[in-house]
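Peer 1: Quick one: this structure, given as structure tokens, is what I'll be asking you about.
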Amino acid sequence: MHDHRLYLGALYIVGAELMFASMGASIRFVSEDLNNPMVVFARNLVGLLALLPWLLRDGSAGFVTRVPHLHLLRGLAGVGAMYCFFYAIAHLPLANAMLLKLSAPLFIPIVALLWLKERFTWHVILALLVGFSGVAVILTPDFENTSSVYLIALAGGALAAVAKVTVRRLSRSESSKLTVFYFACSGLLISLLPLAWYWQTPTTAQIAWLVLLGLFATAGQLLLTRGMACAPAARLGPFTFFSVIFGAVLGWLLWDEALTLATSAGALLILASAFITGRGRSRVPEKAAAQAAVP
């Protein structure tokens, strides 16, 4: 029965990563003529509309929180990560962008140490060394030409780590439904503000792409949440690397992007860091891991 739950969770995770890679391809298409703030706003708008029936299924009661500042922090960090990742997806090979999206777990122990005072184990230290070595291998060959985009992508990883650690802190007192509700609302409001300067009226085709990427993102978020509820996050973490495989395939099919040796080697190192982390004793509550689905 335990193995069945693990296999089911892995299947959900792989499905989620397919959705996220498809979201990335949609972002690449629509970003050719539409600016980044518009794309981020559309993702949050479609996501909120898609989740609204579930969020309001039991009525609007029960949405009172005693930690609004933590929900605001999660919203700011999560939306900031979206801006960074969506920009990287528009300007990097899709496989590289999806791989750098996975840099967030490398920053989580650092944020957790500084904020929650969680101590490093030797597994974490080794995983960080291996993981950041993988990031360096990916960045080195092309860093001079695309250094700013890579740095933005890594900033997105750091912001995503802040968002995920905030979710871990919220899990002490908030339900998953409450956490999702406030992130959906705050994400929409935060991404609405820049449109006072960056509004573009989308065409019919662009609206279709925006709706599609929002649905891909929401489906991926729900599948990831369902998957993380099936088995320990440490055992399921390596399956998130399927987004790199799917990104490489889509990049090759749609834009004739070749998977470089540096990307492959970096991916293997970061994957190894995930396995090292999984070998250590997980200190992340499963409820928090299930709530931490962001993109």
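Here, each number is a calculation from the coordinates, and none is a lab measurement. Predicted model only: the values in this text are computed from it and were never measured. In this analysis, Cβ positions are derived from the backbone assuming ideal geometry, glycine residues included, and neighbour counts consider all displayed protein chains.
Peer 1: Based on alpha-carbon positions alone, could you give the equivalent ellipsoid semi-axes of the stretch 13-77 from the gyration tensor, as √(5λ), descending, whole Å?
Peer 2: With the √(5λ) rule applied to the stretch 13-77, the semi-axes are 28, 16, 13 Å.
Peer 1: At each listed q (0.15 Å⁻¹), what is the log10 of I(q)/I(0) that the Debye formula gives for the stretch 2-291 modelled as equal alpha-carbon point scatterers?
Peer 2: Log10 I(q)/I(0), no solvent term: -1.23.
Peer 1: Read phi for every residue in the stretch 46-56 and hand back ³J(HN,Hα) as whole Hz from Karplus 6.51 cos²θ - 1.76 cosθ + 1.60, θ = phi - 60°, with x for Gly and Pro.
Peer 2: For the stretch 46-56, the Karplus-derived couplings read 5, x, 5, 4, 5, 8, 4, x, 5, 5, 9 Hz, x marking Gly and Pro.
Peer 1: Okay, moving on. So between I125 and S148, what do we pick up on full extension, going 0.36 nm a residue minus the alpha carbon distance?
Peer 2: 5.5 nm
Peer 1: Taking the highest mean first, how do the peptides 218-227, 27-36 order by number of other beta carbon atoms within 10 angstrom per residue? Working shown, then result.
Peer 2: On the way: 218-227: 21.0, 27-36: 18.9.
By packing density, highest mean first, the sequence is 218-227, 27-36.
Peer 1: Give me T166, T201, T263 sorted ascending by neighbouring Cβ count inside 10 Å, so fewest comes first.
Peer 2: T201, T263, T166
Peer 1: Something else: For the stretch 240-251, just list the computed ³J(HN,Hα) in residue order, Karplus coefficients 6.51, -1.76 and 1.60, θ = phi - 60°, integers in Hz, with x standing in for Gly and Pro.
Peer 2: Once rounded to whole Hz, the list reads 5, 6, 5, 4, 5, 4, 5, x, 5, 5, 5, x.
Peer 1: Here's a follow-up. Picking from L48, V167, A274, whose Cα lies most toward the positive end of the charge dipole for the stretch 2-291 (charges on Cβ: Lys, Arg +1; Asp, Glu -1)?
Peer 2: V167
Peer 1: Expected output is a single nm value to one decimal: the length gained when fully extending between W54 and L254, i.e. 0.36 nm times separation in residues minus the C-alpha distance. What is it?
Peer 2: Taking 0.36 nm per residue and subtracting the Cα distance, the gain is 68.6 nm.
Peer 1: Also, quick follow-up: Within a Cβ distance under 12 Å of L213, other residues only, what is the Lys/Arg minus Asp/Glu net charge? Display every interim value, and only then the final one.
Peer 2: Working: positive: R28, R43; negative: none.
With Lys, Arg at +1 and Asp, Glu at -1, the neighbours total +2.
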